[in-house]
Amino acid sequence: FAAGGPTDVIARIVGDHMSRTLGQQIVVENVAGAGGTTGITRASQAQPDGYTIMMGHMGTHGAAPALYPNLKYDPAKDFAPIGLAAGTPIVIVTKKNFPASDLKGFLDHMKANGDKVNMAHAGVGSVSHSTGIFFNSVIKAKPTMVAYRGTGPALNDLMANTVDFMTDQIVNVAPQIQGGNIKALAIATPQRSPVLPDVPTTKEAGLEGYEVSAWNAVFAPKATPPDVVKKLSDALVKALDDETTKKRLLDLGGVIPSATERTPEALQKLVESEVARWTPVLKAAGATAE
Ligand code: ASP
């Protein structure tokens, strides 16, 4: 994904601390395209020596198989999971001058003018795309979908009022909501976020059936030796125990995985359950990459 978006930001925050533990500078390369699957395909085929690892997420390792019939990797089989880096609740956000300021007004507007509304996303299979498709199926709307190379650039257009709305990960949008540059209609979690105390949950805002959170996690190519995986996983765990690293993620609304959620085994299970969760949701919504 493009620089400045949620994947980039989380990779840099945990990468900073992991670099110190490992005594090796982790260099972030933003490989954008095809909802993150271009970067993941490339990294999955890299030398499995621990020097190329990747930040994957709910899209690349959960939603993508349902949307790309020719996906070059199997999220559950072609990786050595390292560990979960951060949970990222989904927030429904609009441009500042959108003609509605709460979810109810938004839904009314969509009923009357939905075909004139543009929804931004980070490419087919990305978090913003799959949670967006899911949102549209719940509210029965068909906005025009506008693809970006990441929600970093999509957010820029949202702030410039050139695109109408998106469903994005909190870490990307929280600062701009707090700064009043975009509007937040609801957060799709059972509870409000401590960084956005005034933003209602979807349920509080009157919408049933739309609760969804994303996650970001570190993976290595499949054949990476177990001792290398362990070293990387230990470095990730250490980063997540570091007060400064934690604060940087928490300040953006990120959710720090618990000790049991951070292990490679837990990540493997998460990937399997996410593929199983997203496949029927996206098929029912009629979404494909074509
Ligand atoms: N994670 C993507 C990004 O960094 C956005 C997405 O998946 O929706 O831009």
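Quick notes on this structure:
- Within segment 1-25, being among the aliphatic types (A, V, I, L, M), near the ligand (Cβ under 8 Å from one of its atoms) and in a loop (DSSP other than H, G, I, E, B) holds for one residue alone: Ala2.
- Subset tally (residues that are open to solvent by 40 Å² or more (accessible area, probe 1.4 Å), within 14 Å of the ligand (Cβ to nearest atom) and not in a helix (DSSP H, G or I)) for segment 26-42: 3
- Count - residues of segment 139-154 that are touching a strand residue (DSSP E or B) at 6+ places or on another chain (Cβ under 7 Å) and open to solvent by less than 60 Å² (accessible area, probe 1.4 Å): 5
- Looking at Asp198, Asp157, just one residue is within 16 Å of the ligand (Cβ to nearest atom) and charged (D, E, K, R), and that residue is Asp157.
- Boolean, Ser233 is away from the ligand (no atom under 16 Å from the Cβ), closer than 25 Å to Ala63 by Cα and touching a Gly at 6+ places or on another chain (Cβ under 7 Å): yes
- Residue match in segment 216-236 (condition: aromatic (Phe, Trp, Tyr) and touching a Ser or Thr at 6+ places or on another chain (Cβ under 6 Å)): no
- Only listed residue being in contact (Cβ under 8 Å) with a residue 24 or more places away in the chain, more than 24 Å from Arg42 (Cα to Cα), part of a helix (DSSP H, G or I) and open to solvent by less than 40 Å² (accessible area, probe 1.4 Å), chosen from Leu249, Leu232, Leu236, Leu267: Leu249
- Which listed residue, of Thr88, Thr60, is in contact (Cβ under 8 Å) with a residue 24 or more places away in the chain, part of a helix (DSSP H, G or I) and within 16 Å of the ligand (Cβ to nearest atom): Thr60
- Scanning segment 1-39 for residues that are within 17 Å of the chain's Cα centre (by Cα), farther than 23 Å from Leu252 by Cβ and among the aliphatic types (A, V, I, L, M) yields one hit, Ala34.
Every residue, every condition in (1) among the charged types (D, E, K, R); (2) within 12 Å of the ligand (Cβ to nearest atom); (3) in a helix (DSSP H, G or I), yes or no:
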| position | (1), (2), (3) |
| --- | --- |
| Leu107 | no, no, yes |
| Met145 | no, no, no |
| Gly152 | no, yes, yes |
| Thr162 | no, no, no |
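- Condition check for Pro75: in a loop (DSSP other than H, G, I, E, B) and buried (at least 21 other Cβ atoms within 10 Å of the Cβ): yes
- Residue-level check: of (1) closer than 25 Å to Asp168 by Cα; (2) out of contact with any strand residue (DSSP E or B) (no Cβ under 6 Å at 6 or more places or on another chain); (3) hydroxyl-bearing (Ser, Thr, Tyr), Tyr51 misses just (1).
- Where Ile177 falls short, out of the listed (1) open to solvent by 40 Å² or more (accessible area, probe 1.4 Å); (2) under 26 Å from Val93 (Cα atoms); (3) away from the ligand (no atom under 16 Å from the Cβ); (4) in a helix (DSSP H, G or I): (1)
- Checked against (1) away from the ligand (no atom under 16 Å from the Cβ); (2) aliphatic (A, V, I, L, M); (3) open to solvent by less than 70 Å² (accessible area, probe 1.4 Å), Val212 passes all but a single condition, namely (1).
- Residues of segment 180-195 satisfying the condition of being open to solvent by less than 60 Å² (accessible area, probe 1.4 Å), in a loop (DSSP other than H, G, I, E, B) and under 21 Å from Ile139 (Cβ atoms): Ala188, Thr189
- Filter pass, Val138 being under 18 Å from Ala2 (Cβ atoms) and of a type in the set (A, V, I, L, M): no
- Put simply, of Ser137, Ser130 the only residue that is within 19 Å of Tyr210 (Cα to Cα), within 13 Å of the ligand (Cβ to nearest atom) and part of a helix (DSSP H, G or I) is Ser130.
The values are calculated or read from the model by the stated rules, or taken from the named source; none is laboratory data. Keep in mind it's a predicted model, so treat the numbers as computed, not measured. Don't worry about glycine lacking a Cβ; one is built from the backbone with ideal geometry, like all the others, and counts go over all protein chains shown. Calculation scope for accessible area: heavy atoms of the full protein, side chains included, ligands and nucleic acids excluded. Shrake-Rupley method; radii C 1.70, N 1.55, O 1.52, S 1.80 Å.
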